[in-house]
């Protein structure tokens, strides 16, 4: 005969079952929670794993390559310094001569971040190429120029990230890394702007504007070498020639210069400065600091007349018959030590 329970008995059993379920869940929950967090990669509170930053001896090898052919070069008098993360304490320094390294002590405060400065102040042989150096070394990031040592010259400046370094293993006394730097061999002696085309047209005296182009190049550069531009101008030294622009006979002036086989600099809105009778086409942030210059390289696949090739464009109309507009190309270049020099070439746009 089946046992019968009253209402009170059923309620009592339900309470007991509920208590058992709650007690079991309360005991199991921490283990269940830990298992889920482990699967999701979540570290439980109070059990955070300390992030590792390498500290100890570090040797940094510095190798410089020629941007033209990737050959290892022997730099002279280029001063390289590595700085701690505070950017005021020197980790180590070397005056480069071809077999170069800096050894120092990485400290906890660095948190695996150092900085590299490269100073050209005493050399006239090589320009640093920051963009190529950054690509060649994964741990290196090119930053804005900085006069970190307060010597009046801005250095090429990089962030050096050594977070991938692991703890020293048995038998190791230091870690060693290599930084690859790229440079352009400087050739600024005897450079000469040489004419290719001085355009002419019978339509210049017409009422409709026509497009004309003058062309020139920079002679005297050795293949594989190059220079840095600090300023580009189009001056108007000839009497009354400035009125051609001011009277609207000439407009749409732009200038381009070939940097290398893959690069052309183009300035489409040069600033007309009537007080100086010139178009200031482009000027470096500081013309006394080579780091701000624009690279011009005699690269592979280029002919002699392609080097630093200059193109000056105008839209011209309403010239008097037989009239000529005579602007002058003026280039300022800077050597790695910061010495500037200039050259000029008179060009012409002639109505025939």
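The values are calculated or read from the model by the stated rules, or taken from the named source; none is laboratory data. This is a predicted model, so every value here is computed, not measured. Note that each Cβ is placed from the backbone with ideal geometry, even for glycine, and that neighbours are counted across all protein chains shown.
Figures for the structure shown
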{"read-out": "Residue 229, sole failed condition from (1) at pLDDT 95 or above; (2) surrounded by fewer than 16 Cβ atoms within 10 Å (Cβ to Cβ); (3) under 30 Å from residue 130 (Cβ atoms)", "value": "(2)"}
{"read-out": "Odd one out for residue 214, checked against (1) touching a strand residue (DSSP E or B) at 6+ places or on another chain (Cβ under 9 Å); (2) over 16 Å from residue 294 (Cα atoms); (3) surrounded by fewer than 17 Cβ atoms within 10 Å (Cβ to Cβ)", "value": "(3)"}
{"read-out": "Any hit, region 193-216, residues being within 27 Å of the chain's Cα centre (by Cα), modelled with pLDDT of 95 or more, more than 30 Å from residue 62 (Cα to Cα) and not assigned by TED's automatic domain parsing to the domain that holds residue 120", "value": "no"}
{"read-out": "Residue match in region 267-277 (condition: under 19 Å from residue 195 (Cα atoms), in contact (Cβ under 8 Å) with a residue 24 or more places away in the chain and over 23 Å from the mean Cα position of the chain (by Cα))", "value": "no"}
{"read-out": "The lone exception for residue 324 - which of (1) in contact (Cβ under 8 Å) with a residue 12 or more places away in the chain; (2) closer than 22 Å to residue 132 by Cα it fails", "value": "(2)"}
{"read-out": "Qualifying strands (runs of 3 or more DSSP E) (wholly inside region 173-232; at least 3 residues being closer than 29 Å to residue 141 by Cα and touching a helix residue (DSSP H, G or I) at 6+ places or on another chain (Cβ under 8 Å))", "value": "175-185"}
{"read-out": "Candidate set from region 306-324 (those that are crowded, with 19+ Cβ neighbours inside 10 Å and over 12 Å from residue 205 (Cβ atoms)); member that is farthest from the chain's Cα centre (by Cα)", "value": "314"}
{"read-out": "Some residue of region 266-283 being within 30 Å of residue 119 (Cβ to Cβ), surrounded by fewer than 16 Cβ atoms within 10 Å (Cβ to Cβ) and either modelled with pLDDT of 95 or more or in the same structural domain as residue 155 (by TED's automatic domain parsing) (or both)", "value": "yes"}
{"read-out": "Filter result for the condition that a residue is under 22 Å from residue 241 (Cβ atoms) and either surrounded by 15 or more Cβ atoms within 10 Å (Cβ to Cβ) or within 22 Å of the chain's Cα centre (by Cα) (or both), over 288, 332", "value": "332"}
{"read-out": "Criterion (farther than 30 Å from residue 318 by Cα, modelled with pLDDT of 95 or more, surrounded by 13 or more Cβ atoms within 10 Å (Cβ to Cβ) and not assigned by TED's automatic domain parsing to the domain that holds residue 219) met by exactly one of 163, 137", "value": "137"}
{"read-out": "Count of region 108-158 residues which are assigned to a strand (DSSP E or B) and more than 19 Å from residue 184 (Cβ to Cβ)", "value": "7"}
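Per-residue answers, yes or no, for (1) assigned by TED's automatic domain parsing to the domain that holds residue 119; (2) part of a strand (DSSP E or B):
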{"residue": "51", "(1), (2)": "no, no"}
{"residue": "60", "(1), (2)": "yes, yes"}
{"residue": "65", "(1), (2)": "yes, yes"}
{"residue": "70", "(1), (2)": "yes, no"}
{"residue": "75", "(1), (2)": "yes, no"}
{"residue": "81", "(1), (2)": "yes, yes"}
{"residue": "86", "(1), (2)": "yes, no"}
{"residue": "94", "(1), (2)": "yes, yes"}
